[in-house]
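Visitor: Before I ask anything, here is the structure I am working with.
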Amino acid sequence: MDCSEEIGLLKRALVPLVGDEQLLAFDVVGGRVWITQSGRSPSEKELIAAIATTGMRAMPATADGAASETIFDAIQRRRTRLTVAAGCAAVAGVAVDAASGVGLAVALGLIEGEHAAGWPARGLYAVTILIAYRYVAPRAWAALRRLRPDMNLLMTVAVIGAIALGQWLEAAAVSFLFALSLTIEGWSAGRARNALGALLQLAPDHVRVVAEDGSEREVAPQDVAIGTHFLIRPGERIALDGTIVEGASRVDESTITGESLPVTKGIEDAVFAGTINGDGALVVASTHTAGDTTLARVVRSIDEARSKRAPVERWVDRFAAVYTPIIFGLAVLMAVVPPLIAGEGWSVWFYRALVLLVIACPCALVISTPVTIVSALAAAARSGVLVKGASHLEALARVQAVALDKTGTVTAGRPRVERVVALRGSEDDVLALAASVEARSEHPLARAIVVAAEARGAAPRAVTDFAAVPGKGARATVTGEDGSSQVIWVGSHAYAHELDLERGDMHERLVDLARGGRTIVLLGTETEILGMIALADALRPESLAALASLRDVGIAHIAVLTGDNRETAELVGVQCGISDVRAELLPQDKVTAIEELLEEHGSVAMVGDGVNDAPALARASVGIAMGAAGTDSAIETADVALMADDLRKLPWVIDHARRALRTVRVNVALSLVVKGAFVVLAGAGAASLWAAIAADMGTSLVVTLNGLALLRRRSVLAPLSQPPAPPLAAQPPPGERDSSSSQRS
């Protein structure tokens, strides 16, 4: 595929076989079509034969795309050689014509007057045309058979018309310049495609597995099971995701997170495939198979994103589908009506009609959009931001309001236990029971409780029937040291209130313990509360800078949505300068808040990292997950993932998306202005065929390079000038509040 205009040809060829257009997805830049199996299951042979009727050739795609890339590169090299050969033949034709005695100016048509090239020159011009139309002619014939004019047919008619008028040089010039235009388009698509394909080459093709006896052997990444230990020597690229079990080093994670500075890693820290180890040797336990690493998922998501077309792309395609037949009809009218009405020369108006056909070619209009979108997606991925589709990129550009989860998004998501209050038993008993339940949870508060229990040596107990209670907590059956078992729950004040266990002065004690922005987790049975655990978190070091940048890029409204208690949430709002703080929200309450923001602002981005955020991420105009620390459900639900967990990437990607959309609009406007100008010039007889094709090729080149310029954009984050914010609990409370404000906090 050279441009998205050919998608229509493929649809008309394939829909009769598969039965439904919705089962087809197209990637113009990658030159691929995805066909979802349906009730009708055509064979590969039938599909390839159907595609052949369009003048294109097809072959089954490979899983990793490597073979496809090799084929594309080979085709592009062959096309480039043919284009150069066509240009040489055209130059030779001009030289032969000039040497026949007419001079170079006459041979080039720079001097007005009748001039017919000799047969030797015509032969060379014919060679130019035949070589240049190697890839165009089959598609032009397919378009003619279907009576659906496209750019290939327009150019073919223009060349045949020029030959009929004796304008051999112009016919050769149009052929060569059109072939050059297609070559440039192929090069630009390949540039965008290779920017993504380069990500696939980041993971090495072998892993140095360490056996239990300490021996080492090299195996393919695909053959490494989860839990296998492998060695990474200094300076080597890491082949698989895993957790460090031995050693320490600094790791360059720029391929995943976009961060240029290496990150210090030690035991129990995660490392990612495609990143580069520093000066220390590491032994890592693999946590994902080769096909499921973070790098593989990033590449796979972008690969799939290329088939999800943005609304602006679909608009350009619809416009081109109407525009081309209209211009074709205008050209016919221009060739016929003036001679019939005014009695002017047929050849004059026929020539002008040919000029109109040439400038009507929608190449510049339709190729620049997918190249721009893919370039923007690739640049975002290299900067550590995974955008899962062109439509999400466009939605990002339209965002007017941003809603932020608190824990793990605005705050670091690494709270620590500050105080334990035992209402029954000892503090260690409370921590041990809480850790027993929370050991199976992924929530940051749960991890903090487990870490605190380990630090105190409070051994967890055996647990069965674990169940998360979204937005409230978790519960499980815990077996005690004496063999007895009971249902233990760990959760929020609201959960205790719902279970009707808040009695006596419990509310006042909770409010007092929560002062200073602490988060309170309660532990209890079905009949009573056993204890309270106070935890404190800190703002992310980059949160204030990120929020300031969001306002700088024109975000009109910022809100915080959290299930945490109101006092803690409002303290975060005060520290961040956010007035719209909505606390004590269940997952469905966050969805309601998003819907309210959508009604008020039209387009809303939701940023979160937890299971509780997944419904709100799905409901927002754009769901954005904190990728490195976010849960799998949040990342899968989200439309965008910030792989570095750095909020400063958020304003950058919004601005990046706006630049991409602005580039598309500029490209479309430029294409239409040039074409409009030449339509007028063609009608006035002030434009020649070669000038028209040169203008079209020049426009295609300009808009393509304009789109490819986005590949150079990288997110460069300045070092933070301020130290990390202290824990929220260490901040002075924002003033006394009425205790009713913390009801069910």
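The values are calculated or read from the model by the stated rules, or taken from the named source; none is laboratory data. Since the model is a prediction, treat every value here as computed from it, not as a measurement. So basically every Cβ, Gly included, is an ideal-geometry build from the backbone, and we count neighbours across all protein chains shown.
Visitor: What are the pairs, 6+ residues apart or on separate chains, where a residue within segment 90-108 that is more than 14 Å from A171 (Cα to Cα) and in contact (Cβ under 8 Å) with a residue 60 or more places away in the chain has its Cβ under 6 Å from a residue that is assigned to a helix (DSSP H, G or I) and not small (G, A, S)?
Guide: If the second residue must be assigned to a helix (DSSP H, G or I) and not small (G, A, S), no pairs are left.
Visitor: Scanning for something at pLDDT 85 or above and either charged (D, E, K, R) or part of a helix (DSSP H, G or I) (or both), does segment 364-371 turn up at least one residue?
Guide: No, that holds for no residue.
Visitor: Scan segment 513-526 and tell me whether some residue there is at pLDDT 90 or above, of a type in the set (S, T, Y) and either in the same structural domain as L445 (by TED's automatic domain parsing) or closer than 20 Å to G413 by Cβ (or both).
Guide: Yes, there is a match, as at least one residue in segment 513-526 is at pLDDT 90 or above, of a type in the set (S, T, Y) and either in the same structural domain as L445 (by TED's automatic domain parsing) or closer than 20 Å to G413 by Cβ (or both).
Visitor: I would also like to ask the following. Mind checking which residues of segment 395-446 are in contact with a strand residue (DSSP E or B) (Cβ under 7 Å, 6 or more places away or on another chain), buried (at least 20 other Cβ atoms within 10 Å of the Cβ) and over 26 Å from V640 (Cβ atoms)?
Guide: V417, V420, V430, L431, L433, A434, S436, V437, E438 - these are the residues of segment 395-446 that are in contact with a strand residue (DSSP E or B) (Cβ under 7 Å, 6 or more places away or on another chain), buried (at least 20 other Cβ atoms within 10 Å of the Cβ) and over 26 Å from V640 (Cβ atoms).
Visitor: Within the bounds of segment 676-691, is there any residue that is touching a Phe, Trp or Tyr at 6+ places or on another chain (Cβ under 7 Å), in a helix (DSSP H, G or I) and within 11 Å of V355 (Cβ to Cβ)?
Guide: Looking for residues that are touching a Phe, Trp or Tyr at 6+ places or on another chain (Cβ under 7 Å), in a helix (DSSP H, G or I) and within 11 Å of V355 (Cβ to Cβ), one finds none in segment 676-691, hence no.
Visitor: Pairs, please: C-beta under 8 Å, at least 6 apart or cross-chain, first residue at positive phi and at pLDDT 85 or above and in segment 455-481, second part of a loop (DSSP other than H, G, I, E, B) and surrounded by 14 or more Cβ atoms within 10 Å (Cβ to Cβ)?
Guide: Filtered contacts from segment 455-481: G473/S492.
Visitor: On to the next question. Does segment 590-607 hold any residues that are in contact (Cβ under 8 Å) with a residue 24 or more places away in the chain, surrounded by fewer than 16 Cβ atoms within 10 Å (Cβ to Cβ) and more than 25 Å from the chain's Cα centre (by Cα), and which are they?
Guide: Once the filter is applied, which keeps residues that are in contact (Cβ under 8 Å) with a residue 24 or more places away in the chain, surrounded by fewer than 16 Cβ atoms within 10 Å (Cβ to Cβ) and more than 25 Å from the chain's Cα centre (by Cα), segment 590-607 yields only E600.
Visitor: So which pairs qualify, if the first residue must be in segment 659-686 and at pLDDT below 85, the second must be among the basic types (K, R), the Cβ gap must be under 7 Å, and the two must be at least 6 apart or on different chains?
Guide: Listed by first residue and then by second, the contacts come to A682/R352; G683/R352; G685/R352.
Visitor: When you go through (1) in contact (Cβ under 8 Å) with a residue 40 or more places away in the chain; (2) under 21 Å from A452 (Cα atoms) one by one for E528, which number turns out not to apply?
Guide: Result: E528 passes all but (2).
Visitor: Another question, then. When S43 is evaluated against the numbered criteria (1) at pLDDT below 85; (2) surrounded by fewer than 14 Cβ atoms within 10 Å (Cβ to Cβ), which criterion, by number, is the only one it fails?
Guide: Every listed condition holds for S43 apart from (1).
Visitor: Another one. Which one of these is outside any helix (DSSP H, G or I) and within 28 Å of A412 (Cβ to Cβ): E454, E442?
Guide: Of E454, E442, the one residue that is outside any helix (DSSP H, G or I) and within 28 Å of A412 (Cβ to Cβ) is E442.
Visitor: What residue, among those in segment 482-510 that are touching a residue at least 40 places away in the same chain (Cβ under 8 Å) and in contact with a helix residue (DSSP H, G or I) (Cβ under 6 Å, 6 or more places away or on another chain), is surrounded by the most Cβ atoms within 10 Å (Cβ to Cβ)?
Guide: The residue in question is V490.
Visitor: Is one or more of the residues making up segment 531-539 part of a helix (DSSP H, G or I) and either modelled with pLDDT of 90 or more or buried (at least 22 other Cβ atoms within 10 Å of the Cβ) (or both)?
Guide: No, segment 531-539 contains no residue that is part of a helix (DSSP H, G or I) and either modelled with pLDDT of 90 or more or buried (at least 22 other Cβ atoms within 10 Å of the Cβ) (or both).
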